[in-house]
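Derivation of every value follows stated rules applied to the coordinates shown; laboratory data play no part. Keep in mind the model is a prediction, meaning the values are calculated, not measured. Because the Cβ atoms are built from the backbone with ideal geometry, glycine has one as well, and the counts that use them run over all protein chains shown.
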């Protein structure tokens, strides 16, 4: 992964194109395929010229991933009043000077869109314009690469099998005392991280995804879950952690909960106008993954908005920003939200290690001077139509009820897979309730206006569950699995490495691994 | 077709020889809109245009286009020649107007077969 930034000067036609030229040098070094290179260069040059023609200054931010190229061009300029009109081929507001040079044909934005696999333009009049483009380096991003928020440190596994029982979607196997994640089934909740005492599961390291010179966390804005500030015990209050973060160079620290709060508000308004209830609030991306893979019939009930962390990525800014994900599902969303080189993803553990030397123990109890501001842990939910629930078992149970039509008396379901929402992510050590109380007592809560966006892509059923792309074959396989399952002891002991006898039967039929067998299969019935 | 043959067909003057006079040219694209030139430029394409500013060299460079042909006897921006020299792009200029130049190039490339383009 590589991040780069190329500045663009507005109004200077002599030097125009230099950002694109430098980008091309980089593409050549990476060895990007010629046809992909053409598309990237068309998008980059058009976007660069838009800045030169219309704005005072701007930046071209790029990020290369294993399978995609993300570009973001942000300028400080007049902005675009009517985006729809600007996207129309032939419409241009370029100056006579630009037109004389052959620019201003009104093909810029349409050309970028044509060259891109994913394209987005956003503009604020009087502030500037932001163009985002993603181009896949291979024909399509590999399915595998879509789920990589959960990293496994195999050598830590002791084969205790706790994770098999905890996984709500039976996505885990322990083969040869090594955990394996079936990524097509994994919903990236935190159940396995939570139960594994040995720390075999975690959010991927981010040091490898940021080039060495950039690991120095040089970002203007830091976006963290509030819980991060409350992880350092009773003697180091959130305020002190905040000060330590600022001393690392972050000018502005923001919290994902700012967007979460706004999302809750907006979804409650949205739900009031919906006929089909309950409406599901996309607060927790893991809960949404669960619905997409296990409860597809509930997909139309998901409110069409992006999750809080995606909304934070969309927030208007020309500054660099770093994000701390609280769980695997957030990590994946960040990886796939088309982040340009303007952004970094930080692992909470890396950040903790970084600020540790800066932390100062404060005299007195951390909350003593804040008592007047102290709030109750959670203001009692006054709206009886809103069901707030957490914990992956509860989430599964509630979704089962909702699917069966037994939750129609609730307007909104606000479900989080971790206990007490993001305060309970096992990525953090502190008890979720102590963590929240410390935050409430810190008096750091401020109200900043934020906005939540509509979902960019529809929520879709995930095909990972299917036994075979061909339905006929899938039916045959299902019959085989059922037959095989009945021949197994049915103890669901996990000794074979699969969470249940039916999972073992599935693994055998789908040939997920050679020579799988039940250690307790009765004589003569051995599969 | 060799670049030299096309240059000869339109009586063009070579202003910046670049390094690739014997380059094989497979197609010609003519236009005065930068966006269209950008989209159509390629490693075997000759761009014909009545523009003459230095951004042409940039487009040629980033799209690996080997040759720029200016028509109407256009006086190229000195920066264009400088930039073209840096990226070894050939720049030729023809006194013919766009219509005439394109007609001759088309004939040389495809003969009398006007269906092809």
Exercise. Give me the log10 of I(q) over I(0) for the range A:250-294 at q = 0.14, 0.15, 0.18, 0.23 Å⁻¹, as the Debye formula computes it from C-alpha points; what are the numbers?
Worked result: -0.45, -0.51, -0.66, -0.88
Exercise. According to the square roots a ≥ b ≥ c of the eigenvalues of the Cα gyration tensor, what is the shape class of the range B:69-113, taking rounded for a/c under 1.5, prolate for a/b larger than b/c otherwise, and oblate for the remainder?
Worked result: oblate
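What share of the DSSP beta bridges in chain A is antiparallel, in percent to the nearest 5? Walk me through the intermediate numbers first.
Working: 39 of 58 bridges.
Around 65 percent antiparallel, to the nearest 5.
How would B:5, A:260, A:335 line up from fewest to most surrounding beta-carbon atoms within 10 angstrom?
Sorted ascending by nearby Cβ count, the order is B:5, A:335, A:260.
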For this session: Would you mind telling me the antiparallel percentage of the DSSP bridges in chain B, rounded to 5?
Result: 25 percent
For this session: Evaluate the range B:1-99: find the radius of gyration of its Cα atoms, find its Kirkwood radius, and give the ratio Rg to Rh.
Result: 0.90
Problem set entry | Packing-based ranking, highest mean first, of A:49-62, A:482-495 given that Cβ atoms within 10 Å are counted | A:49-62, A:482-495
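Rounded, prolate or oblate: which fits the range A:278-361, taking a ≥ b ≥ c as square roots of the Cα gyration tensor eigenvalues, rounded meaning a/c under 1.5, else prolate when a/b beats b/c? Could you put the intermediate results ahead of the total?
Values: a/c = 2.69, a/b = 1.84, b/c = 1.46.
Prolate.
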Exercise. Ranked from highest to lowest mean number of other Cβ atoms within 10 Å per residue, what is the order of the peptides A:434-441, A:449-456, B:54-61?
Worked result: B:54-61, A:434-441, A:449-456
Exercise. In whole Å, what three semi-axes, largest first, describe the equivalent ellipsoid of the range A:407-475 built from its Cα gyration tensor (square root of 5 times each eigenvalue)?
Worked result: 38, 19, 14
Exercise. Which of these, B:66, B:17, B:78, has the largest mean-square fluctuation under a Gaussian network model of chain B (Cα springs below 10 Å)?
Worked result: B:78
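Partner chain Cβ atoms within 10 Å, averaged over the residues of A:97-105 - can you pull that number for me?
5
Would you mind telling me the antiparallel percentage of the DSSP bridges in the range A:163-289, rounded to 5?
On the way: 4 of 8 bridges.
If I count the DSSP bridges inside the range A:163-289, around 50 percent turn out antiparallel.
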Problem set entry | Projected-area average for the range B:44-98 over all orientations - Cα convex hull basis, square nanometres | 3.1 nm²
Exercise. Mean residue ellipticity at 222 nm from the helices of the protein assembly as shown, using -39,500 (n - 2.57) per DSSP H segment of n ≥ 4 over the full residue count, to the nearest 500 deg cm²/dmol?
Worked result: -9500 deg cm²/dmol
Exercise. Within 10 Å of each Cβ of B:51-60, how many other protein chain Cβ atoms are there on average?
Worked result: 5
Exercise. How crowded by other chains is A:46-58, given as the mean number of beta carbons from other chains within 10 Å of each beta carbon?
Worked result: 1
Exercise. When N counts the residues of the protein assembly as shown, how does its alpha-carbon radius of gyration compare numerically with 2.2 N^0.38 Å, as a ratio?
Worked result: 1.16
Problem set entry | Convex hull projection area averaged over all views, the range A:393-527, Cα basis, nm² | 14.1 nm²
Problem set entry | Shape category assigned to the range A:1-88 from the gyration tensor of Cα positions, a/c cut at 1.5 | prolate
